[in-house]
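Structure record follows, encoded as structure tokens.
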Amino acid sequence: MLETLKLSGLPENHCGILRHSSNTRPVIWVVEEKGVRAVVKDFSNTRFLYRNIIGRFLIWREFMAYKKLQGLTGVPTCYRVINGLALALEEIPSRPLKKHNKDMKLPEAFFDNLKNIVDSFHRRGLAHCDLKNGANVLVGHDGRPYIVDWSASISEKEFRFFPLNRVYLRFVLDDYFAIIKLKMRYVSETLTPEEKRQYAQRSHMERGVRVVRDRLRKILKKIV
Ligand SMILES: Nc1ncnc2c1ncn2[C@@H]1O[C@H](COP(=O)(O)OP(=O)(O)O)[C@@H](O)[C@H]1O
Ligand SMILES: [Mg+2]
């Protein structure tokens, strides 16, 4: 799939840009080859050191995650890695949840479907770790959720020994908490009392962590 695609040819041959690149962020192209449309996440225009150290690492990690996710509903198919610097993915006709107009109702089953997707990748031994970010959850034109951006995901296998296994479980819980947080933002009226309780408890905890972090920052500033 998309075997002849060359990164150097993308500025002339793309059929859309979903997001421009910055010093550290990849450009997201839409391309078409032989009637197949794809999205290409491409680090080749980021800064030299960033591209060759971080960019290559992130693309490799994300590719490994997509290999484990192959065939799951709600996750795009990954076609291939290009020059170690870019990932070609199935295009999901969609809009990111982040840009969803709050006045437009999401289909009722949207968050139940999202929960099913989260269950299914946890069963494959992966935690996404960045689901709170509404840019990584797409609302398909078919009304269904899709999850992208697996570069921060972690695998149960890599984290199998103590204390990392505890860290993994923490991130699994965090993925579920992310669903509650997104529900709070987009369809707060559908939250169950139990979800509201979890939200209040977790927000309280997060606030606590933030207070400690800010105090530490102040102390460090004085020392350095
Ligand atoms: N397979 C895809 N189909 C449609 N849009 C996508 C796809 N992959 C990414 N996008 C779009 O590109 C944006 C950035 O992609 P993402 O993988 O989250 O990059 P980053 O790691 O820089 O955050 C997403 O928010 C989404 O709008
Ligand atoms: Mg993202």
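Any read-out appearing in this document is the output of simple, stated calculations on the displayed coordinates, not a laboratory observation. No experiment lies behind these values; they were computed from the predicted model shown. Neighbour counts are summed over all protein chains in view; Cβ atoms, including those assigned to glycine, are modelled from backbone coordinates with ideal geometry.
Observations on the model:
- Label point distance in nm, Asn83-Arg160, each placed 7 Å from Cα along Cα→Cβ: 3.7
- Annotation for segment 148-219: trypsin sites (Lys or Arg not before Pro) lying in DSSP loop with at most 14 further Cβ atoms inside 10 Å of their Cβ are Lys157, Arg160.
- C-alpha center-to-center spacing [segment 62-117, segment 168-213] in angstrom: 22
- Neighbour cut-off at most 16 other Cβ (10 Å), DSSP loop, chymotrypsin sites (Phe, Trp or Tyr not before Pro), segment 17-75: none
- nm² value of the averaged projected area, convex hull over the Cα atoms of segment 94-191: 6.0
- Around Ala86: net Lys/Arg minus Asp/Glu count, Cβ-Cβ under 15 Å: +1
- Put simply, the amide H of Asn45, placed in the peptide plane, has neighbours under 5 Å in Val27, leaving out anything fewer than 5 places away on its chain.
- Degrees separating the helix 56-69 axis from the principal Cα axis of the chain, which is the longest one: 80
- The phi torsions of segment 168-177, fed into the Karplus equation with coefficients 6.51, -1.76 and 1.60 and a -60° offset, translate into couplings of 4, 4, 4, 6, 4, 5, 4, 4, 5, 5 Hz, rounded to whole numbers, with Gly and Pro shown as x.
- Of Leu114, Leu138, Leu169, the one that fluctuates the most in a GNM where the chain has Cα springs shorter than 10 Å: Leu169
- Debye intensity ratio in log₁₀ form over the Cα atoms of the chain, taken at each q of 0.07, 0.16 Å⁻¹: -0.26, -1.22
- Computed over segment 7-90, the ratio Rg/Rh where both radii use C-alpha atoms and Rh is Kirkwood: 0.96
- The length gained on full extension between Met184 and Asn101, counted as 0.36 nm times the residue separation minus their Cα-Cα distance, comes to 28.4 nm.
- Relative contact order (%) - segment 7-90, alpha-carbon pairs under 8 angstrom, separation at least six: 24
- With N counted as the residues of segment 56-130, its alpha-carbon radius of gyration over 2.2 N^0.38 Å works out to 1.26.
- Restriction of the chymotrypsin sites (Phe, Trp or Tyr not before Pro) in segment 113-215 to DSSP coil positions whose beta-carbon has at most 10 other beta-carbons within 10 angstrom yields Phe161.
- Local net charge near Arg56, Cβ-Cβ under 14 Å (Lys/Arg +1, Asp/Glu -1): +2
- Taking Lys and Arg as +1 and Asp and Glu as -1, the other residues whose beta-carbon sits under 12 Å from that of Leu164 total +2.
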